[in-house]
Amino acid sequence: MAEEKDINLADLFGKLWKHRKLFIIVCGICAAFAVFLAIFSPRVFKAECVFVPQTNQSFSSRYSSIASMMGMDLDMGGGDGPISPRVYPYILENPNYLRDLMYSKVHIEGFDEPVSVYDFYTDETYQKFNLVTSIKRYTIGLPGFLLSKMIPSKKHDEDVETFNSVKTDSIPALTDAEDAVARILSKSVTLDVDAKQGILTIDAYMPEALASAELCQNAYELIKKYVSDFKLTKSRKNLEFIEKQYVDAKEDYLRKQRAYAYYVDSNKGVMTAASMVERYRLENESQLAQSLYSELAKNVLSSRVKLEENNVTFTEIAPIGVPNRKFKPSGMMLLIVWVFLGFAGSCCYLGIKSVRNRKREEV
């Protein structure tokens, strides 16, 4: 069996060597096409930021120990805890986040003023000519290109904007143009999560190096804003409510304290039962108001500490930098893939041709 396999392999390599000119021609054409794609395909640069989100969990314990030394007992329970890293990718799907990101500014080569990402992808002024993209548009993408020219999309966008103007306050909505840019951004900005170590990585892809770094920076800053707002919204509302109650309790306490002091000063030497009862009533009301005022003062302080505790800080492990080399297309990878496809295609062609010749001989 081993000798038979050797003979079969020898015959196979013999047939391949016999048609070596076919392999050289096909693989040469594929290699030339790969070089053409590597030279004329649109460049893509990749910017990256690796960071770790952290909360100030130890802040409350340190502040509680300081407060206890001053005779205050602050309630620091009921913390919400940190946001799971698995939640962060869903922020990138938020329509409001995508809208904010598409209207962020980046610098484009050849233009002095920064432009929004939305304008970059929708205004042909900022689109540089590319041979491969043009060929693709007028060959494979020709039906879609003609359809886009025939349909009055601008009027449709205006209709959507009119509809959105009514619904935006309750439900976020994007126009057709914004939705198209949002789909591009969903592929241009990605977020990878290492849940075990809590490490997150933002990748941003753009046709220019500086623009990719700025897009990555904008995406990173917006994630920090959205996460902080999400974590601090509840704490801020709670703090605002307690501070309002604290101000009202302080005014009520000062008012009742002045009323009690005024009554005592006005009724010196009066020892009637009615005056004693009124004095005790005013004194008790003042003490109750003082207790409520003191308790709310502690709640205000603990709420401020919880607000600081819930504040999310981001530690950049690998800061954003302007990439020096393009991410794709990779010339070597294209060459290997296309030469392999040429070799495989030639083998398939020879195999089919051999089967057909064998059937003809049998007939």
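The values are calculated or read from the model by the stated rules, or taken from the named source; none is laboratory data. On a predicted model such as this, the values are computed, not experimentally measured, just so you know. So basically every Cβ, Gly included, is an ideal-geometry build from the backbone, and we count neighbours across all protein chains shown. The protein model used for the area step is the full one, side chains on, heavy atoms only, and it has no ligands, DNA or RNA in it. Shrake-Rupley method; radii C 1.70, N 1.55, O 1.52, S 1.80 Å.
Here is how the numbers come out for the structure above:
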read-out: Pick from segment 280-311, criterion out of contact with any helix residue (DSSP H, G or I) (no Cβ under 8 Å at 6 or more places or on another chain) and open to solvent by less than 60 Å² (accessible area, probe 1.4 Å), ranking: modelled with the lowest pLDDT; value: SER302
read-out: Segment 232-254 - residue that is open to solvent by 100 Å² or more (accessible area, probe 1.4 Å) and without any contact (Cβ under 8 Å) to a residue 24 or more places away in the chain and, of those, farthest from ILE83 (Cα to Cα); value: GLU251
read-out: Filtered residues of segment 181-209 (kept if part of a loop (DSSP other than H, G, I, E, B) and open to solvent by 30 Å² or more (accessible area, probe 1.4 Å)); value: ALA195, LYS196, GLN197, PRO207
read-out: Selection from segment 270-321 of residues that are small (Gly, Ala, Ser) and either touching a residue at least 60 places away in the same chain (Cβ under 8 Å) or touching an Asp or Glu at 6+ places or on another chain (Cβ under 8 Å) (or both); value: ALA289, SER302, SER303, ALA318, GLY321
read-out: Failed item, numbered, when ALA274 is tested on (1) at pLDDT 85 or above; (2) small (Gly, Ala, Ser); (3) assigned to a helix (DSSP H, G or I); value: (1)
read-out: Residue check, LEU222 under 30 Å from VAL189 (Cα atoms) and in contact with a Phe, Trp or Tyr (Cβ under 7 Å, 6 or more places away or on another chain); value: yes
read-out: Unique residue being within 60 Å of the chain's Cα centre (by Cα), at pLDDT 90 or above and part of a helix (DSSP H, G or I) when the list is ARG255, ARG236; value: ARG255
read-out: Matching residues in segment 210-231 - criterion: being among the aromatic types (Phe, Trp, Tyr) and either surrounded by 16 or more Cβ atoms within 10 Å (Cβ to Cβ) or modelled with pLDDT of 90 or more (or both); value: TYR220, TYR226
read-out: Search result, residues across segment 255-272 that are surrounded by 15 or more Cβ atoms within 10 Å (Cβ to Cβ) and aromatic (Phe, Trp, Tyr); value: TYR260, TYR263
read-out: Filter result (without any contact (Cβ under 8 Å) to a residue 12 or more places away in the chain and farther than 25 Å from VAL50 by Cα) within segment 174-199; value: ASP179
